[in-house]
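The values are calculated or read from the model by the stated rules, or taken from the named source; none is laboratory data. All values reported here derive from a predicted model rather than from experimental measurement. Glycine also receives a Cβ, built like all others from the backbone with ideal geometry; neighbour counts cover every protein chain displayed.
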Amino acid sequence: MKKILAILMALCMFCGVAMAEAAVELNWADVEPIIEASGVAGDFVTFDEIAVKIWIPSDLQATELTDEDRQNGFIGYFADAEKTASLSVVYVDVNGMSIEDYTAELGQMEGVDEIDAGTVNGLPCVSYRMPEQDSGHIAFATEAGYILEVSVWPTSTEGADLVWGIVLGSIQPE
């Protein structure tokens, strides 16, 4: 039980609830027991554009993307039936920007808070929150010079830290 609580705290930290000074490292093997214990249902979705898979809660359904969405870098968008929760996956060309450079850019943006470096399933990343939008984000730099960013909303509802923590802790190579 103590291990599950420790993992849950790490997941919550990545959602911006209690960010630590040290970089957080999450691995799917540590997240799986939390899913079983929580009873939250979901499945992995593969994003072929980037050879990455992400665990998506069953309550969220894929939304068809428009040409404009795709031009803006969206490769996935999921929302619940009431449109009160959503998850977006964006893949944007940043001309080879490193994750460190991206982190520095985030630090210059207004409305961005709780910026922290970490590693998810061996992939270096940065997490951050945008409190005014009630959203949490995690970004990875790719070898192709792009940023893969997963954003979740809202982060303030009951149980959001657990569900979004599972999602963010699930991001891994296919």
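Looking at Ala6, is it of a type in the set (Gly, Ala, Ser) and modelled with pLDDT under 90?
Values: of a type in the set (Gly, Ala, Ser): yes; modelled with pLDDT under 90: yes.
Yes, satisfied.
On the basis of being modelled with pLDDT of 95 or more and within 17 Å of Asp161 (Cα to Cα), does Ser38 make the cut?
Taking the combined requirement at face value, the residue does not satisfy it.
Only residues in segment 56-74 that are free of Cβ contacts under 8 Å to residues at least 12 places away in the same chain count as the first member; pair them with residues that are crowded, with 16+ Cβ neighbours inside 10 Å, Cβ under 8 angstrom, at least 6 apart or cross-chain, and list the lot.
Asp69/Tyr77
Answer yes or no as to whether Gly169 is of a type in the set (Gly, Ala, Ser), closer than 21 Å to Asn95 by Cβ, out of contact with any Gly (no Cβ under 6 Å at 6 or more places or on another chain) and part of a helix (DSSP H, G or I). Can you show your working first?
Details: of a type in the set (Gly, Ala, Ser): yes; closer than 21 Å to Asn95 by Cβ: no; out of contact with any Gly (no Cβ under 6 Å at 6 or more places or on another chain): yes; part of a helix (DSSP H, G or I): yes.
Against the criterion (of a type in the set (Gly, Ala, Ser), closer than 21 Å to Asn95 by Cβ, out of contact with any Gly (no Cβ under 6 Å at 6 or more places or on another chain) and part of a helix (DSSP H, G or I)), Gly169 does not qualify.
Can you tell me which residue within segment 71-85, out of those that are small (Gly, Ala, Ser) and surrounded by 11 or more Cβ atoms within 10 Å (Cβ to Cβ), is farthest from Leu60 (Cα to Cα)?
Here is the first cut: in segment 71-85, the ones small (Gly, Ala, Ser) are 73, 76, 79, 81, 85.
Going one step further and asking which of them are surrounded by 11 or more Cβ atoms within 10 Å (Cβ to Cβ), we end up with 73, 76, 79, 85.
Values: Gly73: 20, Gly76: 12, Ala79: 5, Ala85: 8 Å.
Of everything passing the filter in segment 71-85, Gly73 is farthest from Leu60 (Cα to Cα).
Taking only segment 141-174 into account, find how many residues are among the charged types (D, E, K, R) and without any contact (Cβ under 8 Å) to a residue 40 or more places away in the chain. Lay out the reasoning, then the answer.
Residues of segment 141-174 among the charged types (D, E, K, R): 143, 149, 158, 161, 174.
Remaining after also requiring without any contact (Cβ under 8 Å) to a residue 40 or more places away in the chain: 143, 158.
Selection size over segment 141-174: 2.
Could you grab me the full set of residues in segment 101-134 that are more than 23 Å from Ile54 (Cα to Cα) and either hydroxyl-bearing (Ser, Thr, Tyr) or not in a strand (DSSP E or B) (or both)?
Hits for segment 101-134 are Asp101, Ala104, Glu105, Leu106, Gly107, Gln108, Met109, Glu110, Gly111, Val112, Pro131, Glu132.
Could you list, in sequence order, the residues of segment 32-47 that are in a helix (DSSP H, G or I), loosely packed, with under 13 Cβ neighbours inside 10 Å and of a type in the set (Ser, Thr, Tyr)?
none
Please pick out the residue among Gln108, Gln172 that is farther than 22 Å from Gly42 by Cβ, at pLDDT 90 or above and of a type outside the set (Ser, Thr, Tyr).
On the way: Gln172 fails: farther than 22 Å from Gly42 by Cβ.
Exactly one of Gln108, Gln172 is farther than 22 Å from Gly42 by Cβ, at pLDDT 90 or above and of a type outside the set (Ser, Thr, Tyr), namely Gln108.
Give segment 103-121 a look and list any residue that's without any contact (Cβ under 8 Å) to a residue 60 or more places away in the chain and either within 23 Å of Asp93 (Cβ to Cβ) or not acidic (Asp, Glu) (or both), or say none. Steps first, answer last, please.
First pass over segment 103-121, keeping only residues without any contact (Cβ under 8 Å) to a residue 60 or more places away in the chain: 103-112, 115.
Residues satisfying the conditions are Thr103, Ala104, Glu105, Leu106, Gly107, Gln108, Met109, Gly111, Val112, Ile115.
Looking only at segment 135-156, count how many residues are under 12 Å from the mean Cα position of the chain (by Cα) and in a strand (DSSP E or B). If you could, list the steps in order and put the result at the bottom.
First pass over segment 135-156, keeping only residues under 12 Å from the mean Cα position of the chain (by Cα): 135-140, 148-153, 155.
Checking which are in a strand (DSSP E or B) leaves us with 135-140, 148-153.
Residues meeting the conditions: 12.
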